[in-house]
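For reference, the structure is listed below as structure tokens.
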Amino acid sequence: MSKIQMFEKPLGMRDSFPEVNEQKEYIRLTARDFIRRKGYDFIKTPSVEYFETIGKASAIDESSLFKLVDNQGEMLVLRPDMTTPIARIAASKLLKEKNPLRLAYYADVFRAQQREGGRPAEFEQLGLELIGDFSPYADSEIIYTAIELLKDLGVEGFRITIGHAEILTAFLTNNTNNNEEVELLRQLLVEKNLVGFSQMLESMNLLEEQKDRLSKIIEFTIDSNVFSDFRQFLNDDQQYLIDQVEELQALLEFQLNDFSVVSFDFSLASHMSYYTGMLFEIHAAGSGFSIGNGGRYDELFKQFNEKVGATGFGIRVDRLLEVLPKQLMKEKRTLLLFDKGSFSKANVLAEARRNASEYVTLQYAESVSDIEAFKQIFDEVIIVSEGGSFREE
Amino acid sequence: MKNELTIAMPKGRIFEEAYKLFVQAGFNLPAEIDDSRKLIVEAPDERIQFILAKPMDVPVYVEHGVADIGIAGKDVLLEQHRDVHELLDLQISNCYIATAGLPNTTMNDIAPRVATKYPRIATNFYKEKGEQVEIIELNGSIELAPMIGLADRIVDIVSTGQTLKENGLVEYEKIVPISSRLIVNPVSYRVKSERINAFIAQLKNELNKR
């Protein structure tokens with residue numbers, strides 16, 4: 001390894017310079033206001049948790065965890081997601097006070113990157129969790145809120161793709177011999193490696209009709225919202241899963257003016273292994289990467305010894321920044337330059353302008369080494385002297 | 001612009017084969033593109049823009065979404081593990097990856113060395129075999145390595161076996177078959193789904209005839 005330079009930061013860590021930071025603040029404040037109106041309360045959790053609990057329960061792969069050791073020798077992790085700590089709090093305390101529980105967060109999460117060191121290893125995530133509700137109403141509330149939130153933030157051209165973890169599992173299990181085969185095929189669907197999927201089918205010891213049915217799932221293109229066609233692939237005792245999706249669709253159709261942003265795809269599989277029911281991904285033009293995802297994760301609570309229905313979503317703020325139209329909310333910035341004799345006068349002027357909601361910088365002129373370059377940064381420059389003050393453009 | 005498809009193509013032989021396939025599939029593309037210095041080629045009738053890139057770079061363009069679709073060899077995909085959807089086997093540029101070396105030789109017991117352009121594929125192959133080897137990454141003329149004693153084995157692409165033969169090498173083990181794949185950016189796959197599905201259907205139609 002080469003010598004670390006003074007400007008360097010640990011791999012994947014980024015500074016947020018003022019302009020970007022302001023945009024993030026805009027997102028945070030807009031989202032916060034919107035989400036609280038929907039009855040969700042914001043929560044904060046520690047940056048550091050035990051590996052034994054949160055680290056193991058989290059769906060984030062162990063190789064992506066930042067690990068450290070405390071002074072007792074316990075293994076710790078920087079929190080890799082917010083869903084798991086929130087599940088911990090809900091299971092141990094908050095659900096006893098309020099059930100169902102609606103929580104929201106805006107927090108940094110940490111995931112070590114395997115490749116291309118510049119990718120963020122710490123990023124802000126914005127999300128909601130609705131805990132204590134098994135019903136499709138909860139699922140539709142989460143998806144609907146995600147859509148409305150993106151609209152409220154000004155994101156254009158986004159798509160929500162909805163799948164169902166249990167339907168996929170049932171479908172794969174019905175047509176294979178064992179769990180190992182199910183997992184192999186599911187993994188290929190997570191990567192959406194359809195070539196690999198077809199090749200895997202050929203190499204497996206399956207009946208021709210099983211292969212036929214399995215290859216159907218990758219041909220079921222994403223915009224065919226006809227679930228009844230899919231019923232034939234499920235057993236009688238699995239039909240209720242399709243009922244669930246139909247109910248979810250009906251609720252969303254009722255709530256959404258424009259249903260075209262939503263599509264269903266039963267081959268959708270997530271690397272987040274704790275999803276049990278519906279799951280969805282959010283994609284938007286402008287970023288090459290998915291900006292967020294969500295789903296039902298009742299399974300996670302079993303790790304905290306609770307039987308609770310839970311559903312939620314998370315959005316990556318750094319990706320959101322890429323897809324948002326550049327903010328035109330530039331504030332006008334004013335510079336007041338004073339000299340020894342005009343300090344009190346400049347003070348009065350600055351306070352008066354600040355009271356009128358202006359953004360004012362008060363600066364002793366002598367201290368600035370390159371005064372012309374400094375003036376360039378501001379929209380308006382006022383030089384205050386004993387004789388009087390005058391504006392410079 | 002909104003409905004335009006950007007396709008990253010590898011320069012060279014695969015480009016010609018893939019381009020021919022597109023034309024046969026009925027896409028209305030400019031008759032010939034032989035200006036090898038050009039990096040971007042427009043096909044206005046189909047609202048398609050081709051980017052010409054190094055084969056190894058195609059998955060990078062697609063992963064970052066600056067190209068919606070790409071044509072990449074399975075060798076490159078295996079080596080790079082990019083986050084892209086692999087949707088279609090184009091069945092062109094068929095070949096395979098294999099190990100090769102001088103005839104009648106075995107691996108050096110003390111310091112087994114393997115030279116390759118594909119360090120990840122080679123590492124995984126020997127790991128699965130349970131052999132601990134030193135991987136030496138080279139950028140080309142891999143055949144040189146066993147000839148001058150840099151390595152006992154090479155891991156490289158074999159299409160006809162002619163290059164190996166000419167250099168007095170023999171193939172030892174086949175690792176994986178390779179062909180060109182159609183890859184798609186995950187966001188484009190959702191946001192431009194109608195356009196991309198239609199594009200794939202048209203190609204599939206042609207491939208099924210073969």
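Every number here is computed from the coordinates shown, using simple stated rules; none is lab data. Please read all numbers here as calculations on a predicted model, not as lab measurements. Counting neighbours? That spans all protein chains shown, and the Cβs are built from the backbone with ideal geometry, glycine included.
Below, the figures for the structure above:
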{"item": "Residues of type lysines that B:K174 reaches as a straight line, Cα spacing below 17 Å, ignoring anything fewer than 8 places off in the same chain", "result": "B:K74, B:K117, B:K127, B:K129, B:K165"}
{"item": "Cα centroid separation, the range B:49-100 to the range A:44-97 (Å)", "result": "38"}
{"item": "Value at 222 nm in deg cm²/dmol, rounded to 500, when DSSP H runs of n ≥ 4 in chain A each add -39,500 (n - 2.57)", "result": "-10500 deg cm²/dmol"}
{"item": "Dipole moment magnitude, nearest 20 debye, the protein assembly as shown about Cα centre, only Lys, Arg, Asp, Glu C-beta charged", "result": "700"}
{"item": "Compactness index (Cα Rg / 2.2 N^0.38 Å), the range A:18-327", "result": "1.02"}
{"item": "Peptide-level mean, for A:184-192, of C-beta atoms on other protein chains within 10 Å", "result": "2"}
{"item": "Ranked A:T361, A:T161, criterion: other C-beta atoms within 10 Å, fewest first", "result": "A:T361, A:T161"}
{"item": "Separation between Cα centres of the range A:320-393 and the range A:195-268, rounded to whole Å", "result": "60"}
{"item": "Principal-axis tilt of helix B:13-24 within chain B, Cα atoms, nearest 10 degrees", "result": "30"}
{"item": "P(r), alpha carbons of the protein assembly as shown - 20 Å bins starting at zero, rounded %", "result": "16, 43, 31, 9, 1"}
{"item": "Sequence of B:D156, A:D139, A:D15 once ranked by neighbouring C-beta atoms within 10 Å, starting from the fewest", "result": "A:D15, B:D156, A:D139"}
{"item": "3J(HN,Hα) from dihedral phi, the range B:166-171, Karplus parametrisation 6.51/-1.76/1.60, rounded to Hz, x for glycine, proline", "result": "4, 9, x, 10, 10, 7"}
{"item": "DSSP bridge orientation in chain A - percent antiparallel, rounded to nearest 5", "result": "75"}
{"item": "Chain B: angle of helix B:119-129 to the longest principal axis, Cα-based, in degrees nearest 10", "result": "60"}
{"item": "Partners for A:K307 among lysines (Cα-Cα distance below 22 Å; same-chain residues under 8 apart left out)", "result": "A:K56, A:K93, A:K96, A:K98"}
{"item": "The range A:332-392 shape via C-alpha gyration tensor axes, a/c threshold 1.5", "result": "oblate"}
{"item": "Furthest towards positive pole of dipole, B:F125, B:S141, B:I154, structure part the range B:95-177, Cβ charges", "result": "B:F125"}
{"item": "For residues of B:52-64, the mean tally of beta carbons on other chains within 10 Å", "result": "1"}
{"item": "Dipole moment magnitude, nearest 20 debye, chain B about Cα centre, only Lys, Arg, Asp, Glu C-beta charged", "result": "380"}
{"item": "Dipole of the range A:332-392, positive direction: furthest Cα of A:V360, A:V384, A:S342, with charges on the beta-carbon", "result": "A:V360"}
{"item": "Relative contact order of the range B:95-177, defined on C-alpha pairs under 8 angstrom at six or more residues apart (%)", "result": "51"}
{"item": "From phi via Karplus (6.51, -1.76, 1.60), per-residue ³J(HN,Hα) for the range A:307-323 in Hz, x at Gly/Pro", "result": "9, 9, x, 8, 8, x, 8, x, 10, 7, 5, 5, 6, 4, 4, 5, 8"}
{"item": "Charge dipole (debye, nearest 20) of the range A:178-252; +1 at Cβ of Lys and Arg, -1 at Cβ of Asp and Glu", "result": "200"}
{"item": "The range B:95-177 - convex hull of alpha carbons, volume per residue in Å³", "result": "83"}
{"item": "Exposure proxy ranking, count of Cβ atoms within 10 Å, fewest first, for A:S367, A:S267", "result": "A:S367, A:S267"}
{"item": "Rounded to whole Hz, the Karplus (6.51, -1.76, 1.60) HN-Hα couplings of the range B:77-90, x for glycine and proline", "result": "5, 5, 6, 9, 6, 7, 7, 10, 8, 9, 9, 8, 8, 7"}
{"item": "For chain B, with +1 on Lys and Arg beta carbons and -1 on Asp and Glu, the positive-most of B:P103, B:M56, B:N197 along the dipole", "result": "B:N197"}
{"item": "Under 20 Å from the Cα of A:K332 - lysines, other chains or at least 8 residues apart", "result": "A:K24, A:K375"}
{"item": "Separation of alpha-carbon centers, the range A:115-178 and the range A:277-311, rounded to whole Å", "result": "4"}
{"item": "Long-range amide H partners of A:G288 with built H, under 5 Å", "result": "none"}
